[in-house]
Amino acid sequence: MSNQNEKQIELVNGQIIGIFLFILTLVVSIIVAYNEKLQRENKSGLFSNKDALNISLINRLVVVLLGIYFVYDAYERRKVSNSYDDPNSTLQILASWLALLASVIILYIIIKNYNNINFDVAEIEEPTL
């Protein structure tokens, strides 16, 4: 196998792992949102508000790290395939940067409101970012 093909396989393997981790963060986001629903129905939630905030903070940190990885992956894919003039490659990089920016903004909101007792995590827990 060529060195270029090995690098592409390595990138695909990394992408598979990243997507799997992203799916796990989606599941965590669903659980946090469900916890909020239970609390709003005056039922016993799965977590306290502080625990839900801690879980959400860790979840958002993982999403930001995944966003950084996917930006790196987009650049590496363009480099390996020598597609510097390909508009699709440029759009992929732009999309990766925008997703990373959105995840950093949400992480910032969680950190900023970390000590706010009345802060509802589920209100900003956007599972797709």
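The values are calculated or read from the model by the stated rules, or taken from the named source; none is laboratory data. In this text, all values refer to a predicted model and were calculated from it rather than measured experimentally. Neighbour counts run over all protein chains shown; Cβ positions are idealised from the backbone, glycine included. Note: areas computed on protein heavy atoms with side chains; ligands, DNA, RNA excluded. Shrake-Rupley method; radii C 1.70, N 1.55, O 1.52, S 1.80 Å.
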Going highest first, how would you order 99-107, 87-95 by mean Cβ packing within 10 Å? 99-107, 87-95
Find the accessible area per residue for the chain; the probe is 1.4 Å, ligands and nucleic acids are left out, and the unit is Å². 64
Could you tell me which residue out of PHE22, ILE55, PHE70 lies farthest along the dipole of segment 18-115 toward its positive end? Charges go on the beta carbon: Lys and Arg +1, Asp and Glu -1, centred on the Cα centre. ILE55
List SER44, SER29, ordered by accessible area with a 1.4 Å probe, largest first: SER44, SER29
Please report the carbon-and-sulfur percent of the accessible area for the chain; probe 1.4 Å, protein heavy atoms only, DNA, RNA and ligands left out. 65
Segment 34-62 and segment 77-110: distance between their alpha carbon centers, rounded to Å: 30
What is the Rg over Rh value, at two decimals, for segment 1-88, using alpha-carbon atoms and the Kirkwood definition of Rh? 1.21
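DSSP loop chymotrypsin sites (Phe, Trp or Tyr not before Pro) in segment 77-109 with at most 16 other Cβ atoms within 10 Å of their Cβ, which ones?
Counting only loop positions with at most 16 other Cβ atoms within 10 Å, the chymotrypsin sites (Phe, Trp or Tyr not before Pro) in segment 77-109 are TYR84.
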How big is the charge dipole of segment 1-88 about its Cα centre, in debye rounded to the nearest 20, if each Lys and Arg gets +1 on its Cβ and each Asp and Glu gets -1 on its Cβ? 360
Note down the relative contact order for the chain as a percent, whole number, built from C-alpha pairs under 8 angstrom at least six residues apart. 36
